[in-house]
Amino acid sequence: MSNIRTACLMRGMTQTQLAEDVGCTPQQINALVTGARNPGPKQLPLLADALRVSAAYLRGDPQTLAVYDWETGEADACPIMAEETIGRYGCFYIVEHPVTGPLAVILSAGTQFTPRDWQGPQPMSTEEIPETAWVDARGRDALMLDGLPRVMP
């Protein structure tokens, strides 16, 4: 369950904080992280909720999202760590990119948006979207309208 460790790092959460959130001991979380034991059917959803990731990601069998890198012209199938629907606009994802680690991606009306800076701090929730500079899949700066990125006219 090394994905628990990755999700804790992504969320800035210690294993002790996670243990408090799910109602168990730090030793139990450590046993999950090291693979000494697996979470039960009641514990897995609690862990996923506390870490704001999918249960599939924690189990090690997440869906993937093709993320296009406009600088290299290549796409990578990245495991989806978390996803959140943004009303009628689209979907916000946190994916595990093989080079950069956690990466925010927005899909809206067939357009993929990523933060301009893939190496910098990533928005971890929809509330942080307006605080980020976004680009489309061609590397063009996105226009922000109502706090969400749009394709430049």
Single unsatisfied condition, residue 52 versus (1) among the basic types (Lys, Arg); (2) without any contact (Cβ under 8 Å) to a residue 40 or more places away in the chain; (3) touching a strand residue (DSSP E or B) at 6+ places or on another chain (Cβ under 8 Å): (2)
Filter result for the condition that a residue is touching a residue at least 60 places away in the same chain (Cβ under 8 Å), among the hydrophobic types (A, V, I, L, M, F, W, C), part of a strand (DSSP E or B) and farther than 19 Å from residue 5 by Cβ, over 135, 105, 67: 135
Members of the stretch 44-56 that are surrounded by 17 or more Cβ atoms within 10 Å (Cβ to Cβ), in a helix (DSSP H, G or I) and out of contact with any Pro (no Cβ under 7 Å at 6 or more places or on another chain): 44, 46, 48, 50, 51
Count of the stretch 76-91 residues which are part of a strand (DSSP E or B) and over 12 Å from residue 107 (Cβ atoms): 6
Residue ID - surrounded by the most Cβ atoms within 10 Å (Cβ to Cβ), chosen from residues in the stretch 1-43 that are farther than 29 Å from residue 120 by Cα and of a type in the set (Val, Ile, Thr): 22
Selection from the stretch 58-98 of residues that are within 23 Å of residue 35 (Cβ to Cβ), of a type in the set (Asp, Glu) and either at pLDDT 90 or above or under 14 Å from the mean Cα position of the chain (by Cα) (or both): 96
Residue in the stretch 83-102 that is surrounded by the fewest Cβ atoms within 10 Å (Cβ to Cβ), counting only those that are of a type in the set (A, V, I, L, M) and touching a residue at least 40 places away in the same chain (Cβ under 8 Å): 86
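The values are calculated or read from the model by the stated rules, or taken from the named source; none is laboratory data. From a predicted model like this one, the values you see are computed outputs, not experimental measurements. Don't worry about glycine lacking a Cβ; one is built from the backbone with ideal geometry, like all the others, and counts go over all protein chains shown.
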